[in-house]
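The values are calculated or read from the model by the stated rules, or taken from the named source; none is laboratory data. None of the values given here were measured: they were computed from a predicted structure. Cβ: placed from backbone, ideal geometry, glycine included. Neighbour counts: every protein chain shown. Areas reflect the complete protein model, heavy atoms only, side chains present, ligands, DNA and RNA absent. Shrake-Rupley method; radii C 1.70, N 1.55, O 1.52, S 1.80 Å.
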Amino acid sequence: MRRLKVLLRTTAVRLSLLYVLLFALCAGFLVFYVTSMSESLLEQQTQDAVSAEVAQIEQVFNRSGINGLVKTLERRARQPGANLYVIASPSGDILAGNVASLAPGVFDHEGWISEPFPYQRYAEEDTKRPHVALANVLVLSNGLRVLVGRDLAEPEKFRILVRQSLMVALGVMGLGALVIWYAIGRNALRRIDRMSDASTKIMAGDLSQRLPASGTGDEFDRMSESLNAMLERIEKLNEGLRQVSDNIAHDLKTPLTRLRNKAEAALSGEDTDGAYRASLEDIIGDTDQLIRTFNALLMISRVEAGSAVAEMQEVDLTQITLDCVDLYEPVADDEGLHLSAGDLAPGVRVQGNRELISQALGNLIDNAIKYAGDGDRPTVHVTLESRENTAVLTLTDNGPGIPADKRGDVVKRFYRLDESRSKPGTGLGLSLVEAVMELHHGRLELADGEPQEGAARGLAVRMVFPLAG
């Protein structure tokens, strides 16, 4: 009983019951309508047939008189499935025919008798169940009454047959609906139970759990897919938060320790304005680096939270690329590196945030300038092309590159290949780039660069955007 109550509270079961009820009502109405129309048609056919036969009998009487009429009726009465034939006196007494008795008042009116009346046949043992018929009464010129009628047993059998068929059909339909209803409800309840179990584990803190999906693509699957995508997003953000906490504790400990050591050295060193000033300048430099780190973290968090989505608009990716290359060309020249932009497809437009795209591309160029300068004849080349429904912005250098097994790690916050931390940086550049690409529904790809004669293979970084429109 408890299981049944639970089933009745499910939407699928309630909808199934509603559909079964509506179908039963429609089926019942249709059957009763067809039955009524069939009965009306049979009654009309009976009336037409009897009226035609009355006209024939009247012609026989006019042509052959009473003797010819009696012979004709006797002959017709002996045929299989004969109609009712009665000749009665003006007072209603039966004189001849194949009927033993009629209901009183049948002969009171001439013409068609619209209401069925009971009658009794000859040699019939069961008098408690009289037959019912419809008839037409003809009054002859000599005052005699002639009744021609048809028994309603066949229409009644038809009515009973239809009623029985209806009951059987409704019974079978009801049984089938009950089975289907139970199967649907049981399946829905089983899936809800599985989703409830998974939800309980998720609420207990296990964000790796996912709501089950059957693969049918129904509303339960669509809901599971949406919630699983949300859970995956939450898990990723939580994982990022844990990484940030760990990395902050690890990576910020060194600069904070360095700041403290410099402050102690200034206090214990020469007591002169010049020494104090030099120590303060070093401390301010380290502090600025810490501020840049926190600004980068805040920017990544803002991008991952999607707070810049409202600022999305259609932008010219070609022009953004040219502006970034022009901005970093002097920096590249100072580092002895050749930065160039070639093969830029004109007028490539994407839906995005101009400032975030510029900052992401600037981070890539800045990284390339830092690390490509280690090789011979260092170069950084930027290209932009349109492929089907995507725009591919590629930055290629001939530096040492990134090993294939490390490419998944370099996009993590604070991860740096330079474990000695000899080069300036926060280890957040590629993390920001990846967050920006996810915000733009694109992707960041790291691959080997094109091999060049006399130079290292380098690294190719691709920013893949969906085209606008």
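So in segment 211-242, with the set limited to residues that are open to solvent by 70 Å² or more (accessible area, probe 1.4 Å), under 25 Å from the mean Cα position of the chain (by Cα) and among the charged types (D, E, K, R), which one is farthest from Leu439 (Cα to Cα)?
By that ranking, first place goes to Glu219.
Run Thr46 past the list (1) modelled with pLDDT under 80; (2) in contact with a Lys or Arg (Cβ under 8 Å, 6 or more places away or on another chain) and report the number of the one that doesn't hold.
(1)
Regarding segment 264-285, can at least one residue be identified that is within 23 Å of Val382 (Cβ to Cβ) and either modelled with pLDDT of 85 or more or not in a loop (DSSP other than H, G, I, E, B) (or both)?
If we filter segment 264-285 for residues that are within 23 Å of Val382 (Cβ to Cβ), which is where we start, we get none.
Scanning segment 264-285, I find no residue that is within 23 Å of Val382 (Cβ to Cβ) and either modelled with pLDDT of 85 or more or not in a loop (DSSP other than H, G, I, E, B) (or both), so the answer is no.
From Lys370, Lys412, which residue is closer than 22 Å to Phe294 by Cα, under 40 Å from the mean Cα position of the chain (by Cα) and in the same structural domain as His441 (by TED's automatic domain parsing)?
Of Lys370, Lys412, the one residue that is closer than 22 Å to Phe294 by Cα, under 40 Å from the mean Cα position of the chain (by Cα) and in the same structural domain as His441 (by TED's automatic domain parsing) is Lys412.
What do you reckon, is Arg129 modelled with pLDDT under 80, of a type in the set (Lys, Arg), assigned to a loop (DSSP other than H, G, I, E, B) and out of contact with any helix residue (DSSP H, G or I) (no Cβ under 6 Å at 6 or more places or on another chain)? So that I can check it myself, show each step before the final result.
On the way: modelled with pLDDT under 80: yes; of a type in the set (Lys, Arg): yes; assigned to a loop (DSSP other than H, G, I, E, B): yes; out of contact with any helix residue (DSSP H, G or I) (no Cβ under 6 Å at 6 or more places or on another chain): yes.
Yes, satisfied.
Test of understanding: among Arg145, Arg186, Arg163, which residue is assigned by TED's automatic domain parsing to the domain that holds Asn67, open to solvent by 30 Å² or more (accessible area, probe 1.4 Å) and at pLDDT 75 or above?
Just a single option satisfies the conditions, and that option is Arg145.
Which of the residues spanning segment 363-412 are in a strand (DSSP E or B) and of a type in the set (D, E, K, R)?
Glu385, Arg387, Asp397
Only residues that are in contact (Cβ under 8 Å) with a residue 40 or more places away in the chain and exposed (fewer than 15 other Cβ atoms within 10 Å of the Cβ): list them for segment 35-50, please.
Answer for segment 35-50, where residues must be in contact (Cβ under 8 Å) with a residue 40 or more places away in the chain and exposed (fewer than 15 other Cβ atoms within 10 Å of the Cβ): Ser38, Ala49.
Against the definition (within 30 Å of Gly28 (Cβ to Cβ), open to solvent by less than 90 Å² (accessible area, probe 1.4 Å), in the same structural domain as Asn98 (by TED's automatic domain parsing) and modelled with pLDDT of 80 or more), how does Val168 come out, yes or no?
Against the criterion (within 30 Å of Gly28 (Cβ to Cβ), open to solvent by less than 90 Å² (accessible area, probe 1.4 Å), in the same structural domain as Asn98 (by TED's automatic domain parsing) and modelled with pLDDT of 80 or more), Val168 does not qualify.
Within segment 203-227, which residues are over 10 Å from Arg191 (Cβ atoms), part of a helix (DSSP H, G or I) and among the hydroxyl-bearing types (Ser, Thr, Tyr)?
Answer for segment 203-227, where residues must be over 10 Å from Arg191 (Cβ atoms), part of a helix (DSSP H, G or I) and among the hydroxyl-bearing types (Ser, Thr, Tyr): just Ser226.
Looking at (1) out of contact with any helix residue (DSSP H, G or I) (no Cβ under 7 Å at 6 or more places or on another chain); (2) open to solvent by 10 Å² or more (accessible area, probe 1.4 Å); (3) outside any loop (DSSP other than H, G, I, E, B); (4) not hydroxyl-bearing (Ser, Thr, Tyr), find the lone condition where Ala341 falls short.
Going through (1) out of contact with any helix residue (DSSP H, G or I) (no Cβ under 7 Å at 6 or more places or on another chain); (2) open to solvent by 10 Å² or more (accessible area, probe 1.4 Å); (3) outside any loop (DSSP other than H, G, I, E, B); (4) not hydroxyl-bearing (Ser, Thr, Tyr) one by one, Ala341 breaks only (1).
Considering segment 348-362 alone, what residues qualify as being open to solvent by 10 Å² or more (accessible area, probe 1.4 Å) and part of a strand (DSSP E or B)?
Arg349, Gln351
Regarding Glu74, is this residue in contact (Cβ under 8 Å) with a residue 24 or more places away in the chain and over 30 Å from Val162 (Cβ atoms)?
Spelling it out, it is not the case that Glu74 is in contact (Cβ under 8 Å) with a residue 24 or more places away in the chain and over 30 Å from Val162 (Cβ atoms).
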